[in-house]
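Following: one structure in structure tokens, then a few remarks.
The values are calculated or read from the model by the stated rules, or taken from the named source; none is laboratory data. All values reported here derive from a predicted model rather than from experimental measurement. Reconstructed Cβ throughout: ideal geometry from the backbone, glycine too, with neighbour counts over all protein chains shown.
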Amino acid sequence: MNNLNTPKGDILIVDDVPENLQLLFTMLTEHDYDVRRVLSGKQALQVVDVEAPDLILLDIKMPELDGYQVCKILKSQEKTKHIPIIFLSALNDTFDKVHAFNVGGVDYITKPFQIEEVVIRVENQLRLLNMQREIESKNQELILLNQDLEAFSHRVSHDLKNKIHIINGFSQLIAQEFSHQFEPNVKEYFQYIHDEGKRMAEVIRDLLRLSQVQNIDIEYSTFNISEIVTEISDKLTAENKNRTVDFIISPNVYGRGDLNLIRIVLENLLENAYKYTAKTLKPRIEFGTYQQEGKDIYFIKDNGVGFNPREAEKLFTPFHRLHTDREFKGTGIGLSTVKRIIQRHHGDIWYDAQVNQGATFYFYLY
């Protein structure tokens with residue numbers, strides 16, 4: 001319920017006929033609106049510049065500046081473009097409704113005025129305006145909350161990452177320096193600490209990536225994706241000398257996007273393909289591209305364990321995994337990061353997979 005002393009809205013009426021101004025003024029003030037009146041478009045612009053109203057009732061047919069011109073000026077200015085404008089027109093005047101809406105009007109009222117119609121149309125526009133303000137206020141609150149959460153998350157993750165590195169480093173140092181004094185089971189305990197610490201560091205790294213992706217500024221450039229894929233595959237091969245994987249990489253495949261973010265996409269997809277071919281007799285990972293509907297579609301294909309597509313509904317959801325830790329280690333965050341990066345590039349990602357028949361991930365960037 002409105003407070004009796006609080007106006008329901010601030011309305012500016014613009015009409016060069018004093019009788020019309022008085023009639024509308026009486027109608028609206030009786031319904032608890034705060035009403036201001038001016039007799040020309042020029043006066044309206046001056047008044048609005050000093051203090052913007054919530055709503056403007058604007059006559060079309062006026063000397064010097066007509067209603068269309070006034071509306072167009074108001075909508076061209078950042079300070080006033082949000083103000084809803086209802087046009088006023090006499091039945092015997094030529095009223096171009098299409099032009100009225102094109103210049104920014106939201107509604108119109110015809111003369112002679114009917115009090116019920118005037119009040120309903122005014123109330124509708126003010127209700128919409130208040131809803132829009134509430135949404136903008138909530139959005140601003142959410143933005144600030146997200147910024148606070150991101151700052152907190154980044155700080156915590158950053159501190160955790162440093163602490164985990166210290167724990168990993170010292171546990172490894174102790175295991176190396178004093179291993180000759182340990183019982184066999186103690187060595188296993190330290191190896192367990194090291195393995196879990198390494199896994200925790202991976203979780204924190206992936207969480208940091210995920211939190212940063214959404215707000216980082218995209219820096220577009222054109223680059224050779226094949227070279228990046230080759231670098232990543234060479235690194236995987238060097239880090240896992242006990243494995244032999246056949247990498248098939250199409251040469252000179254180019255793309256346009258943020259180089260650092262696309263590298264993260266390729267790292268995640270290739271590391272997954274490498275991981276899920278670990279139990280395959282002759283592992284093979286393929287990178288290539290093809291054209292579809294004018295878009296460059298990139299793909300990474302493997303012949304690993306694959307997965308059941310009917311169980312993959314939440315594949316791109318953080319922490320959702322299709323394989324247990326006993327089968328394959330992982331954080332469950334990588335594909336969520338991939339999805340967000342590709343969305344930031346106005347692209348899409350999808351897959352084709354079957355159990356024990358490998359998986360293929362396809363994506364385009366814009």
Which of the residues belonging to the range 21-42 are out of contact with any Phe, Trp or Tyr (no Cβ under 7 Å at 6 or more places or on another chain) and closer than 16 Å to Val70 by Cβ?
Leu21, Arg36, Val38, Leu39, Ser40, Gly41, Lys42
Would you point out the residue of the range 323-348, among those that are among the hydrophobic types (A, V, I, L, M, F, W, C) and buried (at least 20 other Cβ atoms within 10 Å of the Cβ), that is modelled with the highest pLDDT?
Ile342
First in the range 342-357 and within 14 Å of Gly255 (Cβ to Cβ) and assigned by TED's automatic domain parsing to the domain that holds Asn260, second anywhere and among the β-branched types (Val, Ile, Thr) and part of a strand (DSSP E or B), Cβ under 9 Å, 6 or more apart
Ile342/Ile349
Which of the residues spanning the range 70-87 are exposed (fewer than 15 other Cβ atoms within 10 Å of the Cβ) and polar (S, T, N, Q)?
Ser76, Gln77
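Step by step: first the residues of the range 250-261, then only those that are surrounded by 20 or more Cβ atoms within 10 Å (Cβ to Cβ) and out of contact with any helix residue (DSSP H, G or I) (no Cβ under 7 Å at 6 or more places or on another chain), then the one that is farthest from Tyr366 (Cα to Cα). Which residue is that?
Taking the range 250-261 and keeping what is surrounded by 20 or more Cβ atoms within 10 Å (Cβ to Cβ), we get 255, 257-258, 261.
Still in the running and out of contact with any helix residue (DSSP H, G or I) (no Cβ under 7 Å at 6 or more places or on another chain): 257-258.
Working: Gly257: 9, Asp258: 12 Å.
By that ranking, first place goes to Asp258.
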Answer from Arg263, Arg310 - the residue that is among the basic types (Lys, Arg), at pLDDT below 95 and over 24 Å from Asp206 (Cβ atoms):
Arg310
Failed item, numbered, when Tyr298 is tested on (1) of a type in the set (Ser, Thr, Tyr); (2) surrounded by fewer than 21 Cβ atoms within 10 Å (Cβ to Cβ); (3) modelled with pLDDT of 85 or more:
(2)
Of the conditions (1) assigned to a helix (DSSP H, G or I); (2) among the aliphatic types (A, V, I, L, M); (3) touching a residue at least 40 places away in the same chain (Cβ under 8 Å), Ile218 satisfies every one except a single condition; which number is it?
(1)
Condition first: modelled with pLDDT of 85 or more and out of contact with any strand residue (DSSP E or B) (no Cβ under 8 Å at 6 or more places or on another chain). Now tell me which residues in the range 191-236 satisfy that.
Glu227, Ile228, Glu231, Ile232, Asp234, Lys235, Leu236
